[in-house]
Amino acid sequence: MAVYQIDPLQDRRWTEFLQRHPRASAFHTPGWLEALRRTYGYQPVVFTTSAPDQELRNGMVFCRIDSFLTGRRLVSLPFADHCEPLVESPEDVKEIFAFLEPESHKASWRYVEIRPRSSDWTSGTGFASSETFCFHSLDLHPDAQELLRAFHKDSIQRKILRAEREGLTHEEGRSEALLDKFYRLLLLTRRRHQLPPQPRDWFCNLIACLGEALKICVTSRDSQPIASIITLRCKHTLIYKYGCSDSRFHNLGGMAFLLWKAIQEAKGQGLREFDLGRSDFDNSGLIIFKDHWGAARSILTYVRHPTCISQPDSERYRMQVAKRVFAHIPDGFLTAAGKLLYRHLG
């Protein structure tokens, strides 16, 4: 059985295939791939056992990353919480994995990484588990009031009520003005986390490439933006992808207010799932916050070939030093650091 490489930005079969496939997500789409290409220069590729003259019946999508800082590698997909291999037949899976193993040596990739949402992608493939994350997903089938009653009373329900009493305003769309508000809040949030923000161009390109599938939501008090989220929609799923806030106003419940609005709107559109994304296991606060929404918790396990060795102490030390620097440098330097570094992190 042969394995073929196609360009998902040029081959129309890829878009048609995604429309048919039940597990295709926003991260598989040409819009997400084109935003990656425009912002970071990553080149997308799909590996499939379908010949060029056939209808696509499977595919694994990757991006080629070529970085002088972090090396050459093949990732499915950069900055995506998960990207399921869209392959059903075990024989096709083994064939594609068997093709990728020697290909990685020829291309001098440090590793090939796959970020599946489902488990058990390592059996008999030569790939092994690498990083693991906590993942949350909220089932939207129950009615809105049933969902609301399942939220944690103190952490979520009361914050929603507080936001309503405070008269917080809500606006949504994809305008330049909304992006400005979001990005100012993102800068505040990333500084709290001692990290640079993603490049503003990344969000501009996501808006341009994803169109109506992306939405920026901002809540304000007395015209002062206090919290914002970006959501992505694909098929029957709404994805909570980015969130940021001004910590001075956390007691007003702005983030709970925005997420509840998003859930209500998703329900109104007949969506079935609210994807709350991944969390690092050492970020217990974020995990508990997502638990309080009644979301189901599972584990995301990424797989690599070859399996990378653990991060050395020297790298961890450099990261700690960098975070202390990021916490204190001016905004202009912090955003410049994000523009410089993110293309090497995918």
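Please determine whether any residue of the range 129-142 is of a type in the set (Val, Ile, Thr), surrounded by 14 or more Cβ atoms within 10 Å (Cβ to Cβ) and touching a residue at least 24 places away in the same chain (Cβ under 8 Å). Looking through the range 129-142, none of the residues is of a type in the set (Val, Ile, Thr), surrounded by 14 or more Cβ atoms within 10 Å (Cβ to Cβ) and touching a residue at least 24 places away in the same chain (Cβ under 8 Å).
Just wondering, is there one or more residues in the range 107-125 that are buried (at least 20 other Cβ atoms within 10 Å of the Cβ), farther than 23 Å from Phe289 by Cα and among the basic types (Lys, Arg)? The answer is yes; a qualifying residue exists. Among the conditions (1) buried (at least 16 other Cβ atoms within 10 Å of the Cβ); (2) assigned to a helix (DSSP H, G or I); (3) at pLDDT 95 or above, the only one that Cys83 does not satisfy is (2).
Listed by first and then second residue, the pairs linking a residue in the range 144-167 that is assigned by TED's automatic domain parsing to the domain that holds Ile287 to a residue that is assigned to a helix (DSSP H, G or I) and loosely packed, with under 15 Cβ neighbours inside 10 Å, with Cβ atoms under 7 Å apart and 6 or more places separating them unless they lie on different chains, are Ala144/Gln264. The lone criterion from (1) in contact (Cβ under 8 Å) with a residue 60 or more places away in the chain; (2) within 30 Å of Gln19 (Cα to Cα) left unmet by Phe182 is number (2). Restricting to the range 23-72, count the residues that are in a strand (DSSP E or B) and among the basic types (Lys, Arg). The total comes to 2.
The values are calculated or read from the model by the stated rules, or taken from the named source; none is laboratory data. For clarity, every value in this text was computed on a predicted model and none was experimentally measured. Please note: Cβ atoms are built from the backbone with ideal geometry, for glycine as well, and neighbour counts cover all protein chains shown.
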